[in-house]
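Reading through the structure tokens given below for one structure.
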Amino acid sequence: MIDVMVAYPNTDTLSFDDDYYLEKHAPLVSSLLEERGLRYLRVHRQIDPKAPYHLVAHLGFDSAQRFETAFAEVGDQLLADIANFTNVEPVLQANDVIDTPV
């Protein structure tokens, strides 16, 4: 399992339409990627206004190959929508998911 983190930097000049993101962009992500192997979409919004990121989304896929194939098919459409809700470029990072005992 991999987790793709999409983090939006919290800059001094940040403009971010949370409503658009939650009501339009996140559903777009789900609708385009679910049939392409998306296992989950989790959105984390900062509670500290000084946090390094305003919002971080986590997308789960069974493998890096599944993500790469999905993003190759619909990534341009998803990236084009970013300008509709923010003026910052997100940071993407793919991570292996390692379960540890609590």
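What follows draws every value from the coordinates through simple rules; no lab data is involved. Keep in mind the model is a prediction, meaning the values are calculated, not measured. Virtual Cβ from ideal backbone geometry, glycine too; neighbours counted across all protein chains shown.
Every test in (1) surrounded by fewer than 16 Cβ atoms within 10 Å (Cβ to Cβ); (2) under 16 Å from Glu89 (Cβ atoms) is passed by Glu23 save one, and that test is (2).
Just give me the residues in segment 61-101 being among the small types (Gly, Ala, Ser), surrounded by 12 or more Cβ atoms within 10 Å (Cβ to Cβ) and not in a strand (DSSP E or B), in sequence order. Before the answer, list the steps.
Here is the first cut: in segment 61-101, the ones among the small types (Gly, Ala, Ser) are 63-64, 70, 72, 75, 80, 83, 94.
Filter once more, so that each one left must be surrounded by 12 or more Cβ atoms within 10 Å (Cβ to Cβ): 64, 70, 75, 94.
Ala64, Ala70, Gly75, listed by residue number.
Of the residues making up segment 82-100, at least one is within 14 Å of Val6 (Cα to Cα), free of Cβ contacts under 8 Å to residues at least 60 places away in the same chain and of a type outside the set (D, E, K, R).
For segment 39-93, a residue qualifies if it is farther than 16 Å from Ala26 by Cα and of a type in the set (Val, Ile, Thr), and the qualifying residues are Ile47, Thr69, Val88, Val91.
Among residues belonging to segment 10-52 that are among the aliphatic types (A, V, I, L, M) and free of Cβ contacts under 8 Å to residues at least 24 places away in the same chain, point out the one that is farthest from Glu73 (Cα to Cα). Give the derivation first.
If we filter segment 10-52 for residues that are among the aliphatic types (A, V, I, L, M), which is where we start, we get 14, 22, 26, 28-29, 32-33, 38, 41, 43, 47, 51.
Then drop every residue that is not free of Cβ contacts under 8 Å to residues at least 24 places away in the same chain, which leaves 22, 41, 43, 47.
Working: Leu22: 23, Leu41: 18, Val43: 22, Ile47: 34 Å.
Selected residue: Ile47.
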